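What follows is calculated from the coordinates using simple rules that are stated; it is not laboratory data. For clarity, every value in this text was computed on a predicted model and none was experimentally measured. All Cβ positions, glycine included, derive from the backbone under ideal geometry; neighbour counts span all protein chains shown.
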Amino acid sequence: MFRPKLFTLLKNRPEEFKIQNIMREIMVGLIISFISIPLSIALAIASGVSIEKGLITGVVAGIIVSVFGGSRVQIAGPTGAFVVIVYGIVQKFGVDGLIVATAMAGIILVVMGFLKFGSVLKYIPDPLVIGFTSGIAVVLFSTQINDFLGLNLRNIPSEFIPQWKLYFENITNINFQTIALGIGSLLFIAFYPKKFKFLPASLAVIIITTIAVKVFNFNVDTIYTHFGDISKNISFAPKIPSVTVDMFLALLPSALIIAFLAAIESLLSAVVADGMIEKKHRSNTEVIAQGMANVASSIFGGIPATGAIARTSAGITNGAKTPVAGIANAFFIFIAMILFMKYVQLIPMVVLAVILFNVAYRMVDFRAFSEINKAPLSDSIVLITTFLLTVFVNLVYAIEIGVILASVLFMKRMSDITNITAIDQENELEDEIEEAGGEIDKKIFVKDVVVHEITGAFFFGAASTFVEYMENIKQCKVIIIRMRKVPVMDATGYNALYKIHKRCKKTNTRLILCGIEKQPLKLLTKYNFINDIGRENICLNLNSALIQADKYVKSLAKK
């Protein structure tokens, strides 16, 4: 159940931890930290908290996921997926509320992992994931307009429409030096040479713009002017929030959403990593580790964390093969917090906004939107609905309604492909009678026996249609129901079959089932339906059912 990859590798593959391999992993960790540090800072600010909370998350969650996770190369930390929900929590409940919600989410994740939900989460449909991920990207982009335009606004609403209303009301306060620096940063990242892998574009642009602002004394907002001197606030001391029962209940929906997002994104990242290193992750172990990481992050005053696809992919690209790279990444973030925070405070806010613009851009699946007219209508409805709800309402409603809508449309699709059809002498029945050896009287099957076949899943979405169909069958002596194309049946499907069985008993009509698949047969056996209907009326195939029906009709004629 809970088998961390690091422990397995130490036991079964000790050669991977030779000194030269460890040194390689440490260097990879240093390279990843160049990506993690600016992103952790930017995401913390976008979430409405001070920058050290993002860095603390990168350290604490990074170590725990690398040590206890189910993937060899997963890199954990704060990600853009949480910005919207975290910002809303901080606005309403403050930092104490965020600590409580993050801890609750962590506990939920641990429970999900031990209940093996990690294996179930892969069934979440892509349109739902794409819809809310792209919606989050739009909202994340929106939250950075203030810093990009240099409006210097405080207490910005978390809702999309009020945000833009506030921006337009203050559009005359634009700082043109800020915009110029922002546009220059965007162009720098867009045209940054890919061959400079040792220094990521995000870190390079931060270094260059920070020096430029200091040397030329640009009038732009920096982390220091925005938050004050935070270098004195660095602390890994445990944080104990004040919490009430009302706060706990109010935060439960948000905690569930954080847990859902953390599980989905970490497993998506692990799947991407599997494809790159040709290995397999352990999904339930990964979910448990993510839960542990979020609980620990909350204890030390951090924010929600999960596996980060960009950082994980960067690690693999640079040669990561074991969890040591993730541990080294966390260690280098810690070093930066302790030694370089006074320099970090000089970073312009507009550059962090540009970095988050880039994050938001990468979160949107433009291909899915460009091909939306080619997708099934139900998938398009789920994607668009989830996207719009995420942007214009909130993430909680978006996921709740999206999941419900996806489930309902899936059931509708399944019920649409479940058919009940009559088999007559014009097609298959005549061939079956001939295959039975010619001993069956064809006239009987014109008058006294009807054959119907169910195709598709026999579940609650199709049960009422089946009952309605069967109740309209003409009066006859034998009804044969062929079930060779019914892969699954649920309790509602059984109840529908039982209703027809009772109706047949009242009208002295014999009911015969044939070609029953393994799962439906097992279900009918558990309900004792096999004995109720009589084992002689459960036939292996249509041939044997036809012979049984023929004998029964002839026996009635002799009476």
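Okay, which of the stretch 311-329 sit inside 20 Å, backbone N to the point 7 Å along the Cα-Cβ direction of M27? It comes to 312-329, nothing else.
Run the helix sum for the chain: -39,500 (n - 2.57) per DSSP H stretch of 4+ residues, divided by residue count, reported at 222 nm to the nearest 500 deg cm²/dmol.
Details: 26 runs with 363 residues, N = 559.
The per-residue figure over the chain is -21000 deg cm²/dmol.
Determine one quarter of the surface area of the Cα convex hull of the chain, which equals its mean projected area, and express it in nm² to one decimal.
Details: hull surface 134.5 nm².
Mean shadow area of the hull around the Cα atoms is 33.6 nm².
For the stretch 346-390, the residues whose backbone nitrogen is under 15 Å from a point 7 Å from the Cα of A190, taken along Cα to Cβ, are 354-355, 357-359, 361-362.
Output the direction-averaged projected area (hull surface divided by four) of the convex hull of the alpha-carbon atoms of the stretch 5-45, in nm². Mind showing how you got there, number by number?
Working: hull surface 14.5 nm².
With every direction weighted equally, the projected area is 3.6 nm².
Over the chain, what is the relative contact order in whole percent, taking alpha-carbon pairs under 8 Å and six or more residues apart?
Values: 946 pairs, mean separation 125.5, N = 559.
For the chain, the relative contact order is 22 percent.
One chain, two ends: N155 and L252. Fully extended at 0.36 nm per residue, the span grows by 32.5 nm beyond their Cα-Cα distance. Under the convention that each Lys and Arg Cβ holds +1 and each Asp and Glu Cβ holds -1, the size of the dipole of the chain around its Cα centre is about 1160 debye.
Sorting 212-222, 139-149 by average packing, meaning the other beta carbons within 10 Å per residue, from highest down gives 139-149, 212-222.
Can you compute the FRET efficiency between F17 and Y361 using 1/(1 + (r/R0)^6), with r the Cβ-Cβ distance and R0 = 30 Å? Round to the nearest 0.05. Working shown, then result.
Values: r = 38 Å, r/R0 = 1.27.
Efficiency for this residue pair is about 0.20.
Considering only Cα-Cα distances, which of the following residue pairs are longer than 29 Å: K474/K551; K194/K279; K522/K554; K18/K53? The partial results should precede the final answer.
Numbers: K474/K551 21 Å; K194/K279 27 Å; K522/K554 32 Å; K18/K53 34 Å.
As for pairs spanning more than 29 Å Cα to Cα, those are K522/K554; K18/K53.
For the stretch 190-269, the alpha-carbon coordinates run over 52, 36, 24 Å along the three principal axes, in decreasing order. Helix 324-339 axis versus longest C-alpha principal axis of the chain: approximately 30°, rounded to the nearest ten.
Please list 492-505, 81-94 highest first by mean number of surrounding beta-carbon atoms within 10 Å per residue. Please report the intermediate quantities before stating the final value.
Working: 492-505: 17.4, 81-94: 22.8.
The most tightly packed comes first, giving 81-94, 492-505.
Each residue, T507 and W164, gets one label point 7 Å from its Cα in the Cβ direction; the gap between the two is 6.0 nm. Bridgeable lysines around K374 (alpha carbons under 28 Å apart, same-chain partners fewer than 8 residues away excluded): K122, K412. Cysteines of the chain lacking any other cysteine Cβ under 4.7 Å from their own Cβ: C476, C504. The Rg/Rh ratio of the stretch 133-268, with both radii computed over alpha carbons and Rh defined as the Kirkwood radius, is 1.02. DSSP finds beta bridges in the chain, and of those with both partners inside it, around 35 percent are antiparallel. Ordering S33, S555 from the fewest to the most neighbouring beta carbons within 10 Å gives S555, S33.
Could you work out how far helix 126-143 tilts from the main Cα principal axis of the chain, as a 0 to 90 degree angle to the nearest 10? Computed tilt is about 20 degrees.
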